[in-house]
Amino acid sequence: MPYGRSSIFKYGLSLDQLAVRAGQIPRPGPQIGPFKRSEPDLAAPHDLLPLAEKFQSWKNLADQSCLDQPVPRQIESKLEQLKTIGRELAMGSHGGFGQSKEFLELVKSIGESRSKSEEDRIILREIETLKRRIVEPDIPKRKMKEYIIRLVYVEMLGHDASFGYIQAVKMTHDDSLLLKRTGYLAVTLFLNEDHDLIILIVNTIQKDLKSDNYLVVCAALGAVCRLINEETIPAVLPQVVELLGHQKEAVRKKAVMALHRFYQKSPSTVSHLISNFRKKLCDSDPGVMGATLCPLFDLVTVDVKSYKDLVVSFVSILKQVVERRLPKSYDYHQMPAPFIQIKLLKILGLLGNGDKHASEQMYTVLGDLMRKCDASTNIGNAILYECICCISSIYPNPKLLEAAAEVISKFLKSDNHNLKYMGIDALGRLIKLSPDAAEQHQLAVIDCLEDPDDTLKRKTFELLQKMTKSSNVEVIVDRMIDYMISINDFHYKTEIASRCVELAEQFAPSNHWFILTMNKVFEHAGDLVNIKVAHNLMRLIAEGFGEDDDTADSQLRSSAVESYLRIVTEPKLPSAFLQVICWVLGEYGTADGKYSASYITGKLCDIAEAYSSDETVKAYAITALMKIYAIEIAAGRRLDILPECQTLIEELAASHSTDLQQRAYELQAVVGLDARAIESAMPSDASCEDIEIDVTLPFLDSFVQQSLHNGDQPYIPEDERSRAIDISNFSNQGHRESSTHGLKFEAYEMPKLPVPSHPPPPVSHVSTELVSIPEPSYSRETQFSPTNPPVPSSDAELKLRLDGVQKKWGKPTYPSTSSSSSGYSSSPANGASQMESAATSTSTSRPGETYKDLKKAEVEISPEKQKLAASLFGGSTRSEKRISTTTHRASKGGGHSTEKSSVLKPSAASTTKANIPPQPLPDLLDLGEPARLSMVAPLTDPFMQLEGLLDQKESGSSGTCAVTDGSNKEPDIVSLYSDLHMDEQSSQSTLNPLAPSESNSSNLRRTISGGLAQATKGPNLKEALEKDALVRQVGVNPTTQNPNLFKDLLG
Amino acid sequence: MGIRFILMVNKQGQTRLAQYYEYLTLEERRALEGEIVRKCLARTEQQCSFVEHRNYKIVYRRYASLFFLVGVDNEENELAILEFIHLLVETMDQHFGNVCELDIMFHLEKAHFMLEEMVMNGCIVETSKSNILMPIQLMDKTS
């Protein structure tokens, strides 16, 4: 039996090896088995080509004999020794030719370096060496190949190797396949597709695509995928299309992918060739078919409709794959072509989305797949997960949904974090179709939420976001904010902050809560959220929530003012938040009479002083000051300006920023006005009033008339103007005529304002800009206009450059001026759209009848967790929930109930948190597993568990392997893993008595046995071996070692 | 696009193989590799094998001292990528026999060739070990 044999074989190997090494290695020329050879001198391995080859053949011999009939153990071990030696030799000189001592040294020193800085030193030295060597004349080709690999090392380890790029390019011209491919590899690693050197390669690629050697063609097609950019596509396109019909399947496959690449780069260049992908789907070779799925996936993503007819084909392919019609070599862990299955499922998910007819064709095969799929392997679960994605994407089928829910619950109940993660993700997909699906998993979800694993936590937040309703928004957002505060990762902080804002805007149960929540978000992530959010908040405070009466609005405002006055004393607040604070204090600081003007102005001065480097905040602060003073004057109270305010105003009046200066002077002017003037200039609480703007600016008519009368050109509307530019651009391309662009551009910048004196105060900025652009800047006219200087003709290159600029950036600048003109009138509506879109709420149905049965099962769950579950999923506290749903948004009477639940929630959260650290594992108990099990779990070393994870998959396959073993169809895999299985099986059987419960603990046992197998192999023996090996390998006595280098990756 | 990059990095954070399917400058690569490795090394073995980083999702797996990291975009099936890593290691194991870190270091180009066969344009195109290894074996024979 091959299993038994090879297991002993493996152990025999390491023991014997150890003996051999320990006794004989120090002496040169050890005797190895029946073959008598002196240890080759690896110092110059390239001289040893024939010897190395011989060893290689022995190695093959050894490999061969492993597969044949059983051999007495002693011979085996000898053979195995040979194999090892052969391999070590091969390391130095694999493929029959040598790598120089220099290369070995390089790899060795990189391998042994202990720190990045040491590695950097090695590479810097290497760069110096290479710079010298690579320019030497007459370098042998093989040597050059080695240099190029060393260049790859240099780049890989983060240093610039551009000095050698050209050598890599040259190597692609070589006739030898290996050298050519190495050259292509290096080039693809070094250059991006827009690099100047690419042009030198296109020719070579063209030549290689015509080669008789299909491997050369393959190499060239690989390079096509990496190096051809939009401009060079036409150079190779005809050849690539021709190769789609090549007799070798490997070539066809790569040609398909090259075409895919062209499609990705520039769909228009290959739009007429798209049908080829359909044809290649029916290719006789499964590899070509599998590859074709990639472009088809992209195509279907973009345009579902055109591919509905392929549903039948995809379904039938999937069916055939599932029925194991593909060659065995595509199997992976007993699963037929899983990666093809997954791709097919993805495509089917797209095609069936919202299409009942198409979906019905898939139901059968999906059902089969769900039933047949082996859930004990990772790959099986990967397919199951993809099935769920597909099922939740296509037109729903109750049976399939049920099956999907079942799989999800298996995932969630698993101890494996990866499966939990997939389960949470899948649940998030399913929940759109069956909103009650989450209900039965509430505790599992909460466990994931409280898991120390960040990835899992985030995934769970994603799920919660999908489940959010007005009844649970407080708990969810609260949790999110807590989490947001706790993390440092800016990218994710930004994301979660915007999610909080989105949820709060969408589901806020009360204004008060909304403001408090926004305060928290701003306080902790103010710099990360979109400034629009701040504007939204200001608008909300100004307008209140829709139809509410005035008292509610003023309550809202005074609570906002109060909270801001409290927060403002805290150090280092984000700018956006300070802007909101200043604005609100200015508008409503003194509105309810609780705070005096001098108190508020004092606070505003403090802000301006504390954040003196932030001009925007200062601008907001001084405008707020102005508002407060205006209100005071309008109310007829005596104005007394605090000395610090006086200083601030004076300071800003002398500021370098014209904006601040202007604000300061305006303030001084306003303070000098009397009450009546102020009443009309700055009416109180009028921030929501629309300012009427007549965009036709009729008061300028007389001025325009006069100008026209004086011989100026008439105004050309914007759209016509840009069209004129386009045309002139077009026709001028390549002509010297394009000099007009230069003129245009300069004139645009000129600050000659034809209407400097008249503009009305409120829109002064805008109008001046508006008028100033057209008259001088527009080319055609200006040419004729005698007042403008003609373009200096010496500006040739400048003009050229501007041409490019015009293309890329020029256009948007014109619209932007227009938007600034309309911006004033549209700005009040600016945020509204966001609110409106947010208001389209998700479904709010809540069945929750399953809760009772569930409750029985969860007797031992801590009350805190139950509370959290209830507040999230609306479980036991259903009555409360109902109240809060009815008070959604109206919030007048509901203030009480929402208040209540928010009191309950922090306590629940804090207690659960306190609970977690001392007993992290009992959480697993919630899933109803026997207590003993989880008591065993902590004993296993976490490291071992991971190792076990690896073994687990193999053991999954080994189980079935062992059953069908009699036929033994797969010698390859068997020989690969047989030893492993045996270790595992034996250790399992010894462990069995220890295992607490037969049925439930198989997972656990596997991890233990995996760990055990690892332990019995013994790292120490190995390390000793490895050290020796390394010594022999390099032929140098190393000072430090990195034993890990020799560790079997799959061991 | 699916797979955005494939990295092999050892426990000391030293890169052993890097293949990017989108262009990043040298500095960007250096920074990215450093950040990712720090993130992954900080994780315990029970935690799941997926990490979010910037706009990537990273699926990683450890073999002995070597981490295999695959950066994917959001639509990818993480579990499948995890198995893809294993397939890659099995393939290398079949070629090198008891593959170890040093095999990859000495035969960097071969490891790359295998990847080139398996992944194109960021998509998994070939999963049959014999198909993956055939060109490499042929090349060995001829040269």
- Query: (1) open to solvent by 10 Å² or more (accessible area, probe 1.4 Å); (2) at pLDDT 95 or above: which one isn't true of B:Glu22, the others all being true?
  - Reply: (2)
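Here is a list: B:Ile124, B:Ile104. Which entry is open to solvent by 10 Å² or more (accessible area, probe 1.4 Å) and touching a residue at least 40 places away in the same chain (Cβ under 8 Å)?
So the residue among B:Ile124, B:Ile104 that is open to solvent by 10 Å² or more (accessible area, probe 1.4 Å) and touching a residue at least 40 places away in the same chain (Cβ under 8 Å) is B:Ile124.
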- Query: Filter region A:421-434 for residues that are in contact with a Phe, Trp or Tyr (Cβ under 7 Å, 6 or more places away or on another chain) and under 23 Å from A:Pro398 (Cβ atoms); which is nearest to the other protein chains (Cβ to nearest Cβ)?
  - Reply: A:Met422
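Per-residue answers, yes or no, for (1) touching a Leu at 6+ places or on another chain (Cβ under 9 Å); (2) more than 9 Å from chain B (Cβ to nearest Cβ):
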{"site": "A:Ile347", "(1), (2)": "yes, yes"}
{"site": "A:Leu350", "(1), (2)": "no, yes"}
{"site": "A:Asp355", "(1), (2)": "no, yes"}
{"site": "A:Asp368", "(1), (2)": "no, yes"}
{"site": "A:Asp415", "(1), (2)": "yes, no"}
- Note on the structure: Filtering region A:291-322 for residues that are of a type in the set (S, T, N, Q) and open to solvent by less than 10 Å² (accessible area, probe 1.4 Å) leaves a count of 1
- Taking region B:55-73 as the search range and keeping residues that are at the interface with chain A (Cβ under 8 Å from one of its Cβ atoms) and in contact (Cβ under 8 Å) with a residue 40 or more places away in the chain, which one is nearest to the chain's Cα centre (by Cα)? B:Leu66
- Note on the structure: Those residues of region A:323-342 which are assigned to a helix (DSSP H, G or I) and buried (at least 17 other Cβ atoms within 10 Å of the Cβ) amount to A:Ser329, A:Tyr330, A:Pro338, A:Phe339, A:Ile340, A:Gln341, A:Ile342
- Item | All positions within region B:30-54 that are facing another protein chain (nearest Cβ under 7 Å) and not aromatic (Phe, Trp, Tyr) | B:Arg30, B:Thr44, B:Glu45, B:Gln46, B:Gln47, B:Cys48, B:Ser49, B:Val51, B:Glu52, B:Arg54
- Output yes when any residue across region A:392-401 is among the charged types (D, E, K, R) and open to solvent by less than 20 Å² (accessible area, probe 1.4 Å), and no when none is. no
- Message: Just checking, does region A:272-293 include any residue being more than 9 Å from chain B (Cβ to nearest Cβ), more than 32 Å from the chain's Cα centre (by Cα) and within 16 Å of A:Leu209 (Cα to Cα)?
- Response: no
- Task: Evaluate region A:234-248: report whether one residue or more is open to solvent by less than 10 Å² (accessible area, probe 1.4 Å), within 28 Å of A:Val311 (Cβ to Cβ) and not aliphatic (A, V, I, L, M).
- Result: no
- Query: Just checking, which of A:Gln264, A:Gln320 is among the polar types (S, T, N, Q), under 22 Å from A:Ser359 (Cα atoms) and not in a loop (DSSP other than H, G, I, E, B)?
  - Reply: A:Gln320
- Can you name the residue in region A:366-393 that is outside any helix (DSSP H, G or I) and among the hydroxyl-bearing types (Ser, Thr, Tyr) and, of all such residues, is farthest from B:Ile81 (Cα to Cα)? A:Ser376
- Note on the structure: Out of (1) in contact with a Leu (Cβ under 9 Å, 6 or more places away or on another chain); (2) of a type outside the set (Lys, Arg); (3) closer than 26 Å to B:Val37 by Cβ; (4) facing another protein chain (nearest Cβ under 8 Å), the one A:Ser115 does not meet is (1)
- Single condition A:Leu573 does not satisfy, out of (1) within 27 Å of A:Ala653 (Cβ to Cβ); (2) touching a helix residue (DSSP H, G or I) at 6+ places or on another chain (Cβ under 6 Å); (3) in contact (Cβ under 8 Å) with a residue 40 or more places away in the chain: (2)
- Message: Quick check on my filter: what residues within region A:450-475 are β-branched (Val, Ile, Thr) and either within 14 Å of chain B (Cβ to nearest Cβ) or touching a Gly at 6+ places or on another chain (Cβ under 6 Å) (or both)?
- Response: A:Thr455, A:Thr460
- Task: Determine whether B:Cys48 is outside any loop (DSSP other than H, G, I, E, B), open to solvent by less than 10 Å² (accessible area, probe 1.4 Å) and either of a type outside the set (Phe, Trp, Tyr) or in contact with an Asp or Glu (Cβ under 7 Å, 6 or more places away or on another chain) (or both).
- Result: no
- Residues of region B:2-20 being at the interface with another protein chain (Cβ under 9 Å from one of its Cβ atoms) and in contact with a strand residue (DSSP E or B) (Cβ under 8 Å, 6 or more places away or on another chain), in sequence order, are B:Gly2, B:Asn10, B:Lys11, B:Thr15, B:Arg16, B:Leu17, B:Ala18, B:Gln19, B:Tyr20
- Note on the structure: Among helices (runs of 4 or more DSSP H) entirely inside region A:120-220, those with 1 or more residues being touching a residue at least 24 places away in the same chain (Cβ under 8 Å) and farther than 21 Å from A:Glu102 by Cβ are A:165-171, A:177-190, A:198-209
- Some residue of region A:415-438 being farther than 22 Å from A:Lys457 by Cα, more than 23 Å from the chain's Cα centre (by Cα) and not in a helix (DSSP H, G or I): yes
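Conditions tested, residue by residue: (1) open to solvent by 70 Å² or more (accessible area, probe 1.4 Å); (2) over 47 Å from the mean Cα position of the chain (by Cα); (3) farther than 20 Å from A:Ile581 by Cα.
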position: A:Met626; (1), (2), (3): no, no, no
position: A:Gly636; (1), (2), (3): no, yes, yes
position: A:Pro643; (1), (2), (3): yes, yes, yes
position: A:Ser655; (1), (2), (3): no, no, yes
position: A:Leu660; (1), (2), (3): no, no, no
position: A:Arg663; (1), (2), (3): yes, no, no
position: A:Gln668; (1), (2), (3): yes, yes, yes
position: A:Asp674; (1), (2), (3): yes, yes, yes
- Give region A:454-474 a look and list any residue that's under 20 Å from A:Lys493 (Cβ atoms) and either assigned to a loop (DSSP other than H, G, I, E, B) or within 17 Å of the chain's Cα centre (by Cα) (or both), or say none. A:Asp454, A:Thr455, A:Leu456, A:Lys457, A:Arg458, A:Lys459, A:Thr460, A:Phe461, A:Glu462, A:Thr468
- Any chance region A:402-410 includes a residue that's part of a helix (DSSP H, G or I), open to solvent by 30 Å² or more (accessible area, probe 1.4 Å), among the charged types (D, E, K, R) and touching a residue at least 40 places away in the same chain (Cβ under 8 Å)? no
- Task: State yes or no: is A:Tyr363 part of a helix (DSSP H, G or I), at pLDDT 95 or above, open to solvent by less than 30 Å² (accessible area, probe 1.4 Å) and of a type in the set (Ser, Thr, Tyr)?
- Result: no
- Within region A:435-449, track down each residue that is under 16 Å from A:Asp425 (Cβ atoms) and either within 14 Å of another protein chain (Cβ to nearest Cβ) or hydrophobic (A, V, I, L, M, F, W, C) (or both). A:Ala437, A:Ala438, A:Ala444, A:Val445, A:Asp447, A:Cys448, A:Leu449
- Note on the structure: Residue pairs within 9 Å by beta carbon, gap of at least six or interchain, first lying in region A:699-712 and open to solvent by 90 Å² or more (accessible area, probe 1.4 Å), second of a type outside the set (Ser, Thr, Tyr) and in a helix (DSSP H, G or I), listed first then second, are none
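The values are calculated or read from the model by the stated rules, or taken from the named source; none is laboratory data. Keep in mind it's a predicted model, so treat the numbers as computed, not measured. When we count neighbours, we look across all protein chains shown, and the Cβ atoms used for this are built from the backbone with ideal geometry, even at glycine. Side chains are part of the model used for accessible areas, which takes the heavy atoms of the whole protein and leaves out ligands, DNA and RNA. Shrake-Rupley method; radii C 1.70, N 1.55, O 1.52, S 1.80 Å.
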